[in-house]
Amino acid sequence: HGMRISNAENPFQLKIPSGDSYDFEIHIPNDHQGGTNWYHPHSEGSATLQAGGGGLGLLIVDDLKGDLPPEVLNLPEINLR
């Protein structure tokens, strides 16, 4: 959620049969705002079940050089695993 990609490039609308696999390729614009975004299926009527069952993930987009003030840029990174 929150990413600026065209619907034509949005692979999360695909219906992939159980047991099949698919390699996703997402083109993120060079000027995209940095942030932590999440993705999940958008199957009508079952998105909540699929996301709740683990069908989701994170995409981290780095900030552009110069976007963050030094006091924010130099904060320590915290791994939540």
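The values are calculated or read from the model by the stated rules, or taken from the named source; none is laboratory data. Given the structure is predicted, the values throughout are model-derived calculations rather than measurements. All Cβ positions, even for glycine, are placed from backbone atoms using ideal geometry, and neighbour counts span all protein chains on display. Surface areas here come from the heavy atoms of the whole protein model, side chains and all, with no ligands, DNA or RNA. Shrake-Rupley method; radii C 1.70, N 1.55, O 1.52, S 1.80 Å.
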Each residue of the stretch 17-25 in order: what ³J(HN,Hα) in whole Hz does its phi give by Karplus 6.51 cos²θ - 1.76 cosθ + 1.60, θ = phi - 60°, with x for Gly and Pro?
x, 3, x, 8, 10, 8, 8, 8, 10
Given backbone amide H placed at 1.01 Å from N, residues whose amide H is under 5 Å from that of residue 59, ignoring those fewer than 5 places away on the same chain, are 37, 38, 39
With every protein chain kept in place and a 1.4 Å probe, the stretch 30-81 has an accessible area per residue in Å² of 86 Å²
Can you tell me how much longer the chain between residue 61 and residue 25 gets when fully stretched, taken as 0.36 nm per residue apart minus their C-alpha distance, in nm with one decimal?
11.5 nm
Please state the charge dipole magnitude for the chain, taken about the Cα centre, from unit charges on C-beta atoms (+1 on K and R, -1 on D and E), reported in debye and rounded to the nearest 20.
240 debye
Accessible-area composition of the chain, carbon plus sulfur, in percent [1.4 Å probe]:
52 percent
Normalising by the residue count of the chain, find the relative contact order in percent from Cα pairs under 8 Å and 6+ residues apart.
28 percent
Projected area averaged over all directions for the convex hull of the alpha carbon atoms of the chain, nm², comes out at 7.2 nm²
